[in-house]
1. In debye to the nearest 20, how big a dipole does the chain give about its Cα centre with +1 on each Lys and Arg Cβ and -1 on each Asp and Glu Cβ?
2. Among the listed pairs Lys20/Lys362; Lys102/Lys239; Lys303/Lys438; Lys174/Lys265; Lys17/Lys161; Lys404/Lys424, which have their C-alpha atoms separated by more than 18 angstrom in this model?
3. Mind computing the radius of gyration and Dmax over the alpha-carbon atoms of region 180-306? Å is fine for both.
4. Name the long-range amide H neighbours of Val149: under 5 Å, sequence gap of 5 or more, or other chain; modelled H, no Pro or chain starts.
5. Let me check against my output: what whole-number percent is the relative contact order of region 180-306, with C-alpha pairs under 8 Å and at least 6 apart?
6. Across region 412-425, in residue order, what do the Karplus-derived ³J(HN,Hα) couplings come to in whole Hz, using 6.51 cos²θ - 1.76 cosθ + 1.60 with θ = phi - 60° and x for Gly and Pro?
7. For Ala376, what residues show an amide H to amide H distance below 5 Å, using hydrogens built from the backbone and excluding near sequence neighbours?
8. Give the long-range amide H neighbours of Ile417: residues separated by 5 or more places, or on another chain, with amide H under 5 Å away, using H modelled in the peptide plane at 1.01 Å from N.
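What follows is calculated from the coordinates using simple rules that are stated; it is not laboratory data. In this text, all values refer to a predicted model and were calculated from it rather than measured experimentally. Here the Cβ is made from the backbone with ideal geometry for all residues, glycine too, and neighbour counts use every protein chain on show.
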Amino acid sequence: MGESTALPEREAFILTKGQKKTLRCDADSLAGCVSQRACVYCGARVVLNPITDAVHLVHGPIGCASYTWDIRGSLTSGEDLFRNSFSTDLKEPDIIFGGEKKLAACLDELVEKYHPPVVFVYSTCIVGVIGDDLSAVCRAAAARHGIEVLPVESSGFIGNKSAGYRAACDTLLKLIEMPPEEAAVRRQARQASAGRPVINYLGDFNLAGETWIIRDYLHRIGVAVNVVFTGDSTCRELKKAPEACLNLIQCAGSMQYMAGQMQEKYGIPYRQVSFLGLQDTADSLRIVAESLGSAEMAERVEKLIAEEAAVYAPQIEYYKQFLAGKRAAVYVGGGFKAISLIRQFRELGIEVVMVGTQTGRKEEYQVMNDLVEEGAVIMDDANPAELERFLLEQGADLLVGGVKERPLAYKLGRAFIDHNHDRKHPLSGFVGALNFAKEVYSTVCSPVWRYLNATR
Ligand code: SF4
């Protein structure tokens, strides 16, 4: 495994802390690299798919629907239509003669069979190439059936996964649209009748029930959650979003734009939070109290932190004794999550020696650079060959990534943690911090690595 595994054009996107250079990010993926951020539609579907009562129809070849099948970790407390994956299954004749008729027929069939309040129609790469008029087909279907049929303009070649996040947010903004004056009146009435501040929570997709954990914390400190974008949400609920007095953003990569637009249009301020790790969870709850300006709430926050820390901190400390001194590599979607993970690993005595993201921003990479030790590798939009090279060169014991990285880590004899949408246990909040510590322990300290390394 040598230097040759990094292409010269990729060198600007890889930085070793201590080097005098600026990391390049937010640029097009290099042609020929297996990049996970190149799929615009994937970004859009990640954001919208947790809406439980909608039909999510992928207009494209069947492979596009299949590519995003690993995002199905969102849980629901009610409707479960979103758990189906619908596709127009475009084939060669459709590519040649156009797929609009097929799309219209699919919409008719789905509406007749499932009676959804809203259908989201996702555009994929090939739809951008053949030029199907998604908006016109959706408009006609909406008129035929008297429901909302919303095109998600996520065809390829308009950017990367971040463009997909933006396309999803634009669609959501259409879904929740109301005149700003009406929003202001409704907000005032809602806040007054609730008897406690009513806020929105953005960028939590209820993976393994994480939204429910944070909802509970917010309830305990005296805050009501109006709408969650989009974990365990319905279209009807989402339409109430302009009634909130504050937007909290957990996943900044996907929701910063949405929050900015809501601030501009409806005057709703926003704050960024992270509920990963003990410290970040505690700090985030303090941010909520500070933003809502209540001393009483600040007291309730401190009480909650003390109660939760008393339960979970000693248990996490137990696992720390086995983990201190280990080295971790992180490759996740967004920059904010990567930053939280560096801090969370430090709570376990583990140093992050390699960190990368699919859609991190310049300022987030700067924070990562400030947090990691000298010699750590930071990279944007990594491909599997680079991950492999730096996992080995940096001597990482563990890789945190998405399901697509799992085989790569195992084949290299490294422990692995899935921190993406397909996991089965919550990693948010105080309880999530304990789950994380347990999982790190069970994978890093598994006896299997001893046997594997003995055969080498
Ligand atoms: S939309 Fe494009 S990049 Fe995404 S899975 Fe389909 S073909 Fe691949």
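1. For this selection, approximately 500 debye.
2. On the way: Lys20/Lys362 15 Å; Lys102/Lys239 30 Å; Lys303/Lys438 25 Å; Lys174/Lys265 12 Å; Lys17/Lys161 26 Å; Lys404/Lys424 16 Å.
Table pairs above 18 Å Cα-Cα are Lys102/Lys239; Lys303/Lys438; Lys17/Lys161.
3. Answer for region 180-306, Rg first and Dmax second: 13.7, 42 Å.
4. Residues meeting the criterion, in which the H sits 1.01 Å from N, are Val119, Ala142.
5. Result for region 180-306 is 25 percent.
6. 8, x, 10, 5, 8, 10, 7, 10, 10, 8, 9, 7, 10, 10
7. Lys17
8. Leu399, Val400, Gly401
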